[in-house]
Structures are given as structure tokens and as C-alpha cells.
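The values are calculated or read from the model by the stated rules, or taken from the named source; none is laboratory data. Quick caveat: nothing in here was measured; it's all calculated off a predicted structure. Cβ placement follows ideal geometry from the backbone for every residue including glycine, while neighbour counts extend to all protein chains displayed.
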Amino acid sequence: MKINTWFGVLEISRTGEIIESELFSKDSQELACHSLALRENIPNLLPVKFDLKAAAIDCRFVASPSEYYSLLHEVTLKTAKLQVSGALTPDQRIIQAVEALDDINGHVNSLSERLSEWYGIYFPESGLGGEALAIFVAYYGSPKNIESENPLYSKTINSMGAELEAADELLLKGFAESVYSLYERKRQIETYIEDSMGSISPNLKLIAGSILGARLISIAGSLEKLAAFPSSTIQVIGASKALFKHLRARAPSPKHGIIYSHHLVNTAPWWVRGKISRALAGKLSLAARLDYYSGEKDPSLVEKFEIKVRQIKASNPKPPQRTQVNETKTKKKGRSKCLK
Amino acid sequence: MPEINKLYDGVYEVVKDKKHLATRNIDFGKVVYGEKLITFEGVEYRIWDPHRSKLGAMILKKFNISIKEDFKIIYLGAASGTTVSHVSDIVSSGAVYAVEFAPRSMRDLIGLASRRKNIYPILADARKPDSYAHLVEPVDLIFQDVAQPNQVEIATRNAARFLKRDGNLLLSIKARSIDTVVNPKKIFTNELRKLEQTLEPKFEIICVKNLMPYHEDHLGVLAKLRS
């Protein structure tokens with residue numbers, strides 16, 4: 001019986017004695033490659049509880065147990081390194097990008113608020129916020145530096161703002177520049193996601209839009225996993241808290257998770273939102289499967305979805321009647337939004 | 001002045017202010033995950049947090065686990081290697097075959113394994129023991145901490161291939177990853193029945209304890225092959 005081990009191919013008898021052996025060279029890189037190949041397809045499987053170390057010493061691959069272990073250590077380490085470096089798939093890059101985007105979104109908002117509070121001491125009348133304020137402060141610094149042609153100039157004349165000293169001005173300008181650069185970075189990441197979603201997951205991009213599509217991939221863990229999800233799962237991705245509450249207690253089932261951010265869902269009247277979410281989730285799972293398994297773009301998917309939405313809206317033109325008191329109660333429960 | 005009490009082979013109780021679980025550090029001066037080091041009479045002890053380790057919790061729950069220093073162990077679900085590092089301390093002249101499926105965790109584990117010569121990192125699916133059969137010798141202990149619905153089946157499958165006749169199986173059964181809805185007690189009885197009766201090879205359960213207060217909805221199980 002032939003068996004494959006990490007150090008070579010052995011021919012063993014029924015009783016487990018080695019009859020013949022074809023050993024690999026002791027080069028750990030080469031051994032790691034052999035080991036990798038053995039993981040994919042497994043011909044000539046070892047008998048259970050086969051003593052590899054004893055066999056390696058018997059056929060004189062190594063002279064001692066300590067040599068066996070140190071070589072095996074090197075080989076497993078190298079193999080794992082090879083596997084880790086080969087594990088990067090394009091969807092992993094998108095996941096990092098979309099998570100960085102969410103981080104930036106969170107931070108840029110709080111930093112913008114800080115800037116607006118801070119600069120508000122010196123020029124409360126500006127009426128600017130967010131990125132516009134960041135650009136303004138980074139460019140002008142003190143409101144005194146505004147030229148007379150600028151429409152904001154008139155507001156500086158009777159400003160109730162305090163005097164901005166040079167040291168504070170320098171600080172604020174630097175802070176505003178940082179905030180502005182975050183907005184820049186955000187746009188850069190958005191373009192990146194836009195581009196890579198087009199090549200990796202064109203159908204998902206077409207139906208969900210690139211950012212929502214990327215978030216779905218990110219929460220699922222990979223495009224492969226997303227493609228394996230049933231559409232009912234896709235429908236409630238991001239609403240896990242509400243979903244488990246529903247499964248454990250008597251809470252209503254969530255109608256939508258992060259797909260709520262899709263424009264056809266969040267603009268729909270409340271009584272068809274669940275139906276549209278379900279239709280969308282169905283098409284999204286089709287799209288993810290197309291993207292993962294064939295990669296071809298299928299524009300008909302979007303058309304079908306839009307037709308479906310029109311049908312849903314046409315057949316449910318009015319909100320359902322509330323006749324009984326009991327029903328009203330359950331309806332109210334069911335209407336609560338279930339985002340994460 | 002700390003006081004050192006030996007609990008099991010390689011596992012100590014260090015009393016300094018309060019009681020700590022600890023192992024002797026084989027990688028002198030190095031910290032793995034931010035744990036405390038206490039040196040006493042030239043020996044460095046690494047504090048082992050039972051809240052972060054199922055095995056640590058099992059030891060404090062008085063599971064009679066004796067891990068000799070030359071034991072060969074398969075650790076299924078090695079993750080980033082926090083517990084693996086303590087196991088590697090205990091089996092200072094043995095071997096830990098650390099199986100982990102996630103490349104992200106494997107990154108940390110490789111860092112650990114390159115400094116500790118008795119850890120053999122294996123990036124593979126624990127559900128398919130055949131895929132690492134060409135690397136792993138028969139072992140004295142299989143420890144499993146994977147969050148999989150069929151984790152008991154995974155454990156027995158590995159035991160069938162690698163566990164020595166007199167070897168032990170240590171499981172941490174996580175109710176929440178088997179079924180989120182059903183009462184954990186029901187799940188535990190069901191899983192134990194699988195281990196004892198349904199699956200091959202059959203096991204004899206030596207010790208079963210809930211891992212509260214260290215881990216919620218986790219059951220620690222020590223079992224051996226039925227002879």
C-alpha cells in the first residue's frame with residue numbers, strides 16, 4: 001500500500017512495515033510545496049494513527065526525533081506562510097476599503113462638529129458646516145482675512161465672534177486641513193470601491209450600487225459566502241439584533257437590514273417596504289451568484305426587479321385597513337424599523 | 001513576594017495580591033497577548049486569564065486534566081494563539097499541532113509559532129482531517145474550541161484519525177453556535193448523547209461542567225475513547 005507523507009511516498013505492508021520509500025529532499029521550501037499539494041487532493045491517504053515520526057526515522061529521512069520536529073516546524077511554518085500570502089482575494093481588498101470608509105465616515109462627522117464648535121467661537125455667523133467649513137477655515141484662517149468680494153465678508157463686519165489670536169489660528173487651520181483631507185480620502189476610497197466593484201461584482205453593483213454591494217460582501221465575509229447565503233438572510237443582513245430578538249422572543253421579524261439604504265426600499269411607502277425588500281434580496285442573491293460563478297453582467301436583472309417593484313406598488317396602492325383594535329397593535333409593532 | 005503552587009504538570013497558581021492561573025514561560029521575557037509576567041526564583045510565569053481561554057476556565061473548574069510536558073496535542077480552532085501559547089508552555093518538550101482555518105488569525109499564529117518551536121501551525125479546515133493527515137502524528141490529547149454547529153462530529157472525526165488509544169478529548173461546546181434559539185441545556189444533553197452513542201468512535205465521558213462564570217453558555221467536556 002502506497003502512502004503520502006510530508007517527507008515522501010512510502011510503500012508499506014499490511015502490518016505497517018516500510019517496504020520501500022521514495023523520500024523528498026530536505027529543503028524546507030520544497031517540502032512546503034509538496035505539503036500544499038497534498039492538501040488539495042489527497043491520494044494514498046495514510047492509515048489512521050500512523051506513526052509518522054517513527055516512519056521518518058525508520059526510512060532514514062531524519063536521524064533523530066529532534067531533527068524530525070525541527071524540520072517539521074520549518075515546513076509547517078513555511079506552508080502556512082505560503083497559504084496566508086496566497087489567501088488575498090479581490091473581495092478582501094474591497095472589504096478593507098469599505099470598512100475604512102465606514103470608519104472615516106464616523107470620524108469625519110465628529111471632527112467636523114468639533115471644527116464647527118471651535119470655529120464658531122470666532123465666526124458664528126459663517127453658516128458653513130462640514131466640508132465647506134473645513135475648506136473655508138483651511139484657506140482663510142481668521143475671518144479678518146476674507147476679501148471684500150466674498151459674500152461672507154459683510155457678515156464679518158458685525159460679527160459677535162471673539163478675536164482669533166495667531167497661535168489659535170494656526171492650530172485651527174491645521175485642524176481644518178486634516179478634516180478636509182479626510183473628506184478627500186473618503187472620495188478617493190469611494191472611487192476605488194466604485195471601480196473595483198465594477199470588475200469583481202458587476203451585477204451586485206448594478207442592483208445595489210457599489211457601496212451597498214461592498215457592505216453586503218463585507219458583512220458576509222466574502223463574495224463566496226454572500227453567494228451561498230439564501231436571499232432571506234441577505235434581506236436581514238445587518239439586522240441581526242432584531243432577527244435574534246424575533247427568533248428568541250415574540251418580536252416581529254425584521255423587514256430589512258442594511259438593504260434599507262437602497263433607494264427603492266427607503267423611498268417606498270411603509271406597507272410595501274417589506275415586499276420590496278424581499279424582492280430586492282432575491283435579486284441580490286441572484287446577482288451575487290452570477291458574479292461569483294460566472295462573472296458576466298446581466299442587465300435584465302435590474303429590469304426585472306424594477307418591474308417587480310412596479311407590480312408590488314400597483315397591487316398595494318393603499319395602506320392596509322386597520323379594523324380591529326388587536327390588529328392595530330400588531331401592525332404598529334411590525335412597522336418599527338429594524339436596522340442594526 | 002509571590003507564592004507559587006503547582007496545580008497540575010506545567011500549570012501553576014501564582015498568589016500575588018490575589019490568585020492567578022499561570023504557566024511557565026518558555027519564551028523568556030516575551031508577552032503574547034498583553035498578559036502579565038511574574039518572575040519568581042529565576043522562573044518566569046505568564047498569567048493565564050480564564051475569561052479569555054476555555055482551557056484556562058476548565059482548569060479552574062477543577063477538570064482533572066493532566067498534560068505531561070512531552071504530550072503531543074492537536075488544538076482545533078487555534079485562532080490567534082492566546083490559549084495555544086499557554087499549551088505550548090505546558091508541553092515544553094512536546095508538540096502542539098495548531099489547526100486554524102482563518103487566514104487572518106493564522107497571521108498572528110505564525111508570528112507566535114516562529115518564536116515557539118513546539119507549535120506547528122496548520123492552516124486547514126478542521127472538518128477535513130484528511131487534509132492534514134500527512135503532517136500529524138498520533139496525539140495524546142485533542143483540544144477543540146471551534147464555533148461550528150457540528151463541532152462534536154468534527155472532534156470525533158479528528159479523534160478517529162489521530163487520537164491514541166489512551167488519549168483524551170477536551171471539548172468546549174458552545175451552545176450559541178449550535179442553535180441560538182434552543183435552551184442551552186437541551187443542546188448540551190443532545191451533543192453529549194452524540195459523543196457517547198451516535199457518532200463513531202464512541203466516547204466515555206469523564207467530566208462535564210458548565211464554564212460559568214468565565215464563559216456563558218459553554219460546556220466543558222473531558223472524554224476518553226471507549227475501550
Review point. Any residue at all in the range A:264-273 that is of a type in the set (Lys, Arg) and either over 17 Å from A:Val236 (Cβ atoms) or free of Cβ contacts under 8 Å to residues at least 40 places away in the same chain (or both)?
Key: yes
Exercise for review: Find the helices (runs of 4 or more DSSP H) located wholly in the range B:123-227 whose residues include 2 or more that are of a type in the set (S, T, N, Q) and surrounded by 15 or more Cβ atoms within 10 Å (Cβ to Cβ), and list them.
Suggested key: B:151-162
**Study point:** Top-ranked residue in the range A:54-95 [being among the charged types (D, E, K, R) and under 20 Å from A:Asp27 (Cβ atoms); ranked as nearest to the chain's Cα centre (by Cα)]
**Key:** A:Lys81
Check your understanding: Which one of A:Ala37, A:Ala55, A:Ala32 is in a helix (DSSP H, G or I), farther than 23 Å from B:Lys72 by Cβ and within 13 Å of chain B (Cβ to nearest Cβ)?
Key -> A:Ala37
Revision key, fill the gap. Given (1) outside any helix (DSSP H, G or I); (2) farther than 30 Å from A:Glu194 by Cα, A:Leu128 misses just (2)
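Yes/no per residue for (1) part of a helix (DSSP H, G or I); (2) at pLDDT 95 or above; (3) at the interface with chain A (Cβ under 10 Å from one of its Cβ atoms); (4) in contact with a Ser or Thr (Cβ under 8 Å, 6 or more places away or on another chain):
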site	(1), (2), (3), (4)
B:His86	yes, yes, no, yes
B:Asp89	yes, yes, no, yes
B:Ser92	no, no, no, no
B:Val96	no, yes, no, yes
B:Val99	no, yes, no, no
B:Arg104	yes, no, yes, no
B:Ile110	yes, yes, yes, no
B:Pro121	no, yes, yes, yes
Check your understanding: Between residues in the range A:119-130 that are in the same structural domain as A:Ala176 (by TED's automatic domain parsing) and surrounded by fewer than 17 Cβ atoms within 10 Å (Cβ to Cβ) and residues that are in a helix (DSSP H, G or I) and of a type in the set (Phe, Trp, Tyr), which pairs lie under 9 Å by C-beta distance while being six or more apart or on different chains?
Key -> A:Gly130/A:Tyr183
Exercise for review: Select, from A:Asp103, A:Asp91, the only residue that is more than 10 Å from every other protein chain (Cβ to nearest Cβ), of a type in the set (Asp, Glu) and either buried (at least 20 other Cβ atoms within 10 Å of the Cβ) or touching a Cys at 6+ places or on another chain (Cβ under 7 Å) (or both).
Suggested key: A:Asp91
